[in-house]
1. List, in order, the whole-Hz ³J(HN,Hα) value for each residue of region 100-113 obtained from phi through the Karplus relation with A = 6.51, B = -1.76, C = 1.60 and θ = phi - 60°; use x for Gly and Pro.
2. Order of 122-132, 227-237, 61-71 by packing, highest average Cβ count within 10 Å first?
3. Could you tell me what % of all Cα pairs in region 126-263 have separations over 21 Å?
4. What whole-number volume per residue, in cubic angstrom, does the convex hull of the C-alpha atoms of region 74-199 give?
5. Give a residue-ordered list of calculated ³J(HN,Hα) values for region 165-180 (Karplus: 6.51 cos²θ - 1.76 cosθ + 1.60, θ = phi - 60°; whole Hz; x for Gly, Pro).
6. Of all the accessible heavy-atom surface of region 121-263, with the other protein chains kept in place and a 1.4 Å probe, what percent is carbon and sulfur?
7. Taking a probe of 1.4 Å, how large is the accessible area per residue of region 88-183, in Å²?
8. Once phi is turned into θ = phi - 60°, what whole-Hz ³J(HN,Hα) does the Karplus curve with 6.51, -1.76 and 1.60 give for every residue of region 118-126, x standing for Gly and Pro?
Amino acid sequence: MGRRIGAGRRVQPLTPTPHMPAAAGDEAPKTSLTVQRAIALGAPGLGETSPAADPGLERLLVQAFALVGEAIAGATHALLAGNRQAAKQLVEADEAIDALIDRISRAAQQRLVSGHGDAEERQELVAILRMLPDLERSGDLAEHVARRAARGLGTEMSARSRGLVERMGEVAVTIWRATTDTFAERSAAGASIVDDLDDEMDDLHVSLTAEIVSGTMPLAVAIELAMVARFYERFGDHAVNLARRIAALADGNAGSVKGETQE
């Protein structure tokens, strides 16, 4: 296990997403500067670091990363606030993420079979196709949390479990922001940051599991909350997979990814 992130590093608080009405006093949603720049300008920086890349395809990927980040932040907020309506909207919004990822997949496959581009571009397209399952699954996990929020689970949780879930949500937002920036900047070093954040997520999963088995909540609530804990833990694992693939791509070893976690 790597170094812990909790001490000395302040995780930014959760914010509601555009799919969810903000409560009075809530701040506007925050997206990393890298993502904002990439979406607004068509990801010019990506083209500079990866000359063979298609800027349009890269822009779609960054948008998919941003939507998943919004989804996990919104799902946690809805769960803790007991906002069932917002949770239902997030469940429905998962279809947009799936559709976007399908669009990316078809575009990448089309470019591969067309035979255009050099070996570098084909290697990158293959790497992108291998990233998509982790990206899609991350969106699905956010949707699973939102489904529990829509059922009102947040109002039945113990005070300690609420605090732990809030922290897991904060770490999930931060780990996803780090993964997104790692992709946008093609940073091989970003994988180590994501790994460290995942260590904290794993520790929180253990703590929440201990609270669940302590008997402070009804059995039905405990079972559902155990699933939520697993969703956050798996979300971190998929972020690690993505960051490692991106790091391998940045190092020119897209076909070799060590330590990939499986479902």
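1. Residue by residue, region 100-113 yields 5, 5, 4, 4, 4, 4, 5, 5, 5, 5, 4, 5, 5, 6 Hz.
2. Working: 122-132: 18.7, 227-237: 22.1, 61-71: 24.1.
Going from most to least packed, we get 61-71, 227-237, 122-132.
3. On the way: 4000 of 9453 pairs.
Cα-Cα pairs of region 126-263 separated by over 21 Å account for 42 percent.
4. Details: hull volume 12.4 nm³, N = 126.
Measuring per residue, one finds 99 Å³ for the Cα hull of region 74-199.
5. 5, 4, 5, 4, x, 5, 5, 4, 4, 5, 5, 6, 4, 5, 5, 4
6. On the way: 2700 of 5270 Å².
After summing per-atom areas, the C and S share lands at 51 percent.
7. 43 Å²
8. Values per residue, Gly and Pro as x: 8, 4, 5, 5, 5, 4, 5, 5, 5 Hz.
The values are calculated or read from the model by the stated rules, or taken from the named source; none is laboratory data. No experiment lies behind these values; they were computed from the predicted model shown. Cβ coordinates were reconstructed from backbone atoms using ideal geometry, including for glycine residues, and neighbour counts include every protein chain displayed. Only protein heavy atoms, including side chains, enter the accessible area calculation; ligands, DNA and RNA are left aside. Shrake-Rupley method; radii C 1.70, N 1.55, O 1.52, S 1.80 Å.
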